[in-house]
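I have placed the structure first, in the form of structure tokens, so that the comments after it can refer back to it.
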Amino acid sequence: MTRLLSPRDPDYPALLGAISSPPDLWVRGTVVAGDALAIAIVGSRRATAYGLEMAARLGSDLAARGVTIVSGLARGIDGAAHRGALAAGGRTIAVLGSGIDVVYPPEHRDLARETEARGALVSQFAPGAPPLPGHFPARNRVIAGLALGVVIVEAGERSGALITASFAGDLGREVFAVPGRVTSETSRGANGLIRDGAKLVQDWTDVVQELPEAWRRAVRGAPTERGDANRPAAESDEGRVLAMLPADESLHIEQVIARGGLPPGRVAAVLAALELGGWARQLEGQRWVSVAARTRRA
């Protein structure tokens, strides 16, 4: 079944809803609240055996621990990441550069069906829209917007995956890259990202350790720094945002962004983490209240 979600819909992905001008989304499958714990894995369509192995391993290891894997259903790295998540019994979301009913590349029809059954296919383009070249930068922005961070696995110097990484940086999301051979053309872009400050990834723990603490606690098997019952540290982004939330009235996410001085994408990630930890609750219309304050007053 296909449905259309607008940013005003309560089921609309919270992280994506916080970016500037979030698009309406056509959806096949299910998008659930837990999909806010998401990492995107993208890279070259002409991947090497090494790249395919790393993408599948990262997708599988993260999905097995409750992380939703987001990618673009493309040949190469994207397909390997989706398949890794599915093989681990986890969730995955494919963002299309075509209409929701147009699978591209066509050889990924079976993969699309499996993804729909274990997660979702999403597209901002109307049903029937072909996979035009101009659609893919917009598709890449949605990939970055749906995730807490983006992992680049093999990308040439002109790879579209670098556009996704650039969007992730602009949205305040983490940027990761898997290192490759310095003589490999397919690794020049990924290695360049590491040179310019992207987090180097060798396995799933390198990704998880860069997430905010509340998200690390949500990852099964990940080490934590504090017990689940402890309030977020006052000096952390989570603590500062939580301190802004009232108990007896709600704040719209735009008000939180204006008062917090953080990028919109970062605020969305923090609010989702607070909700996951039981410290905040989202009301209708993207309005937020402090659950912790209500509990203390009771």
Selection within segment 60-76 - assigned to a helix (DSSP H, G or I) and buried (at least 21 other Cβ atoms within 10 Å of the Cβ)
S60, L62, A63
Residues (in contact (Cβ under 8 Å) with a residue 24 or more places away in the chain and in a helix (DSSP H, G or I)) located in segment 77-106:
I77, D78, G79, A80, A81, H82, R83, G84, A85, L86, A87
So which of A117, A147 is assigned by TED's automatic domain parsing to the domain that holds W26, closer than 25 Å to G66 by Cβ and part of a loop (DSSP other than H, G, I, E, B)?
A147
Matching residues in segment 128-155 - criterion: being farther than 18 Å from A47 by Cα and in contact with a strand residue (DSSP E or B) (Cβ under 7 Å, 6 or more places away or on another chain):
R139, V142, I143, A144, L146, A147, L148, G149
Test for S60: is it free of Cβ contacts under 8 Å to residues at least 40 places away in the same chain, closer than 20 Å to V178 by Cα and polar (S, T, N, Q)
yes
Would segment 14-26 turn up any residue that is at negative phi and either outside the structural domain of A147 (by TED's automatic domain parsing) or without any contact (Cβ under 8 Å) to a residue 40 or more places away in the chain (or both)?
no
Does segment 145-162 include one or more residues that are touching an Asp or Glu at 6+ places or on another chain (Cβ under 9 Å) and more than 24 Å from A88 (Cβ to Cβ)?
yes
The condition from (1) within 19 Å of R217 (Cα to Cα); (2) out of contact with any strand residue (DSSP E or B) (no Cβ under 8 Å at 6 or more places or on another chain) that V67 misses is numbered (2)
Given (1) touching a strand residue (DSSP E or B) at 6+ places or on another chain (Cβ under 9 Å); (2) more than 22 Å from L62 (Cα to Cα); (3) in a helix (DSSP H, G or I), G197 misses just (3)
Within segment 231-269, how many residues are more than 24 Å from the chain's Cα centre (by Cα), under 24 Å from L146 (Cα atoms) and not aliphatic (A, V, I, L, M)?
1
Could you tell me whether segment 165-175 includes any residue that is in contact with a helix residue (DSSP H, G or I) (Cβ under 7 Å, 6 or more places away or on another chain), outside any helix (DSSP H, G or I) and of a type in the set (V, I, T)?
yes
Return the total of residues in segment 157-185 being basic (K, R) and buried (at least 19 other Cβ atoms within 10 Å of the Cβ).
1
Please state which of the following conditions E154 fails to meet, knowing it meets all the rest: (1) buried (at least 24 other Cβ atoms within 10 Å of the Cβ); (2) within 17 Å of the chain's Cα centre (by Cα).
(2)
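The values are calculated or read from the model by the stated rules, or taken from the named source; none is laboratory data. Quantities reported herein were computed from a predicted structural model and do not represent experimental measurements. Note that each Cβ is placed from the backbone with ideal geometry, even for glycine, and that neighbours are counted across all protein chains shown.
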